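Asks: After the structure tokens below, expect a handful of questions from me.
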Amino acid sequence: MKRLVLWSISLLGVLLLAYQLFPSEEPSGTLTPFTSPLSSPRALPSLPVSLSETPATLTIIPVTHHIGNRSFPSWGYNGQIPGPLLTVRKGSNHTIVVTNTMPYETTVHWHGLRLENQFDGVPDVTQKPIVPKESFTYHLTFPDAGIFWYHPHIREDYQQESGLYGMIHVIDETSPNYYPVVLDDIALDAEGT
């Protein structure tokens, strides 16, 4: 019984500490993304983009995501959910400029890529957050072939689930016939909300 009481008190202490360290709202206010939630354009499907020598852009914009007969306010890289499928050649180097139009800070983490630490997208560790109405330039190297993905590293529970994620296809010239498939799950209740 003594252990149960001590365990319960310890758990309560951890939860209170977590609440203080990680508040449930963005510093700028609530997580409601728009004044008029369904007034944004319809989200486009992911479109392939072959990166070239010129800088690529990923602009976060509000969209309306339609799932079945329901519509949801969302965010999309270049208005797409998932974001653009970035296609690059193994060993290439590219510049990607990310512009944040959300009222919240964000970053982009390039999941699985071996890259310079300053472009890893971990807020306040490897880079400053991209504040609203600002941009950040990522210089990326793609040393390995395969399928990778990109997503925010600030409030992933909200930003990623609102549509901010995409795939990267790094092509090895020796085996170019390898194509990605994007799968995601969405939790809905009996009313579809």
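The values are calculated or read from the model by the stated rules, or taken from the named source; none is laboratory data. Being a predicted model, the structure only gives us computed values, none of them experimental. Here the Cβ positions follow ideal geometry from the backbone for every residue, glycine too, while neighbour counts run over all protein chains shown. Heavy atoms of the whole protein, side chains included, go into the accessibility calculation; ligands, DNA and RNA do not. Shrake-Rupley method; radii C 1.70, N 1.55, O 1.52, S 1.80 Å.
Asks: Look through Y178, Y150, Y138 and report the one residue that is more than 19 Å from the chain's Cα centre (by Cα) and either in a loop (DSSP other than H, G, I, E, B) or modelled with pLDDT of 90 or more (or both).
Replies: Step by step, each of Y178, Y150, Y138 is checked, and only Y178 is more than 19 Å from the chain's Cα centre (by Cα) and either in a loop (DSSP other than H, G, I, E, B) or modelled with pLDDT of 90 or more (or both).
Asks: Only one of (1) at positive phi; (2) touching a Phe, Trp or Tyr at 6+ places or on another chain (Cβ under 6 Å); (3) not charged (D, E, K, R) is not met by N78, so which one is it?
Replies: So N78 meets the others, but not (2).
Yes or no, residue by residue, for (1) of a type in the set (A, V, I, L, M); (2) within 26 Å of K128 (Cβ to Cβ); (3) in a strand (DSSP E or B); (4) within 13 Å of the chain's Cα centre (by Cα):
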position: I61; (1), (2), (3), (4): yes, yes, yes, yes
position: V88; (1), (2), (3), (4): yes, yes, yes, no
position: V98; (1), (2), (3), (4): yes, yes, yes, yes
position: P103; (1), (2), (3), (4): no, yes, no, no
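Asks: Kindly indicate whether W110 is among the aromatic types (F, W, Y), in contact with a Pro (Cβ under 9 Å, 6 or more places away or on another chain) and within 17 Å of E161 (Cα to Cα). It would help to see each step written out before you state the result.
Replies: Values: among the aromatic types (F, W, Y): yes; in contact with a Pro (Cβ under 9 Å, 6 or more places away or on another chain): no; within 17 Å of E161 (Cα to Cα): yes.
Answer is no for this residue.
Asks: Take S135 and decide whether it is open to solvent by 40 Å² or more (accessible area, probe 1.4 Å) and either within 23 Å of S40 (Cα to Cα) or in contact with a Leu (Cβ under 9 Å, 6 or more places away or on another chain) (or both).
Replies: It is true that S135 is open to solvent by 40 Å² or more (accessible area, probe 1.4 Å) and either within 23 Å of S40 (Cα to Cα) or in contact with a Leu (Cβ under 9 Å, 6 or more places away or on another chain) (or both).
Asks: Criterion first (open to solvent by 60 Å² or more (accessible area, probe 1.4 Å) and either over 20 Å from P55 (Cα atoms) or aliphatic (A, V, I, L, M) (or both)) does T126 satisfy it?
Replies: Criteria not met by T126.
Asks: Exactly one condition in (1) at pLDDT 90 or above; (2) open to solvent by 80 Å² or more (accessible area, probe 1.4 Å) is false for M1; which is it?
Replies: All conditions pass for M1, except number (1).
Asks: Do the conditions hold for I61, that is, is it of a type in the set (A, V, I, L, M), modelled with pLDDT under 85 and either within 30 Å of F148 (Cα to Cα) or in contact with a Lys or Arg (Cβ under 6 Å, 6 or more places away or on another chain) (or both)?
Replies: no
Asks: A follow-up question, please. Name the pairs whose Cβ atoms lie under 6 Å apart, with the first residue in the range 144-162 and under 14 Å from S74 (Cβ atoms), the second modelled with pLDDT of 85 or more and small (G, A, S), and 6 or more positions between them or separate chains?
Replies: S162/S74
Asks: Among the numbered criteria (1) closer than 16 Å to L58 by Cβ; (2) in a loop (DSSP other than H, G, I, E, B); (3) not β-branched (V, I, T), which one does M167 miss?
Replies: (2)
Asks: For the range 99-112, name all the residues that are open to solvent by 20 Å² or more (accessible area, probe 1.4 Å) and touching a Phe, Trp or Tyr at 6+ places or on another chain (Cβ under 6 Å).
Replies: Those that are open to solvent by 20 Å² or more (accessible area, probe 1.4 Å) and touching a Phe, Trp or Tyr at 6+ places or on another chain (Cβ under 6 Å): H111, G112.
Asks: Has the range 69-87 got at least one residue that is in contact with an Asp or Glu (Cβ under 8 Å, 6 or more places away or on another chain) and either open to solvent by less than 20 Å² (accessible area, probe 1.4 Å) or not acidic (D, E) (or both)?
Replies: yes
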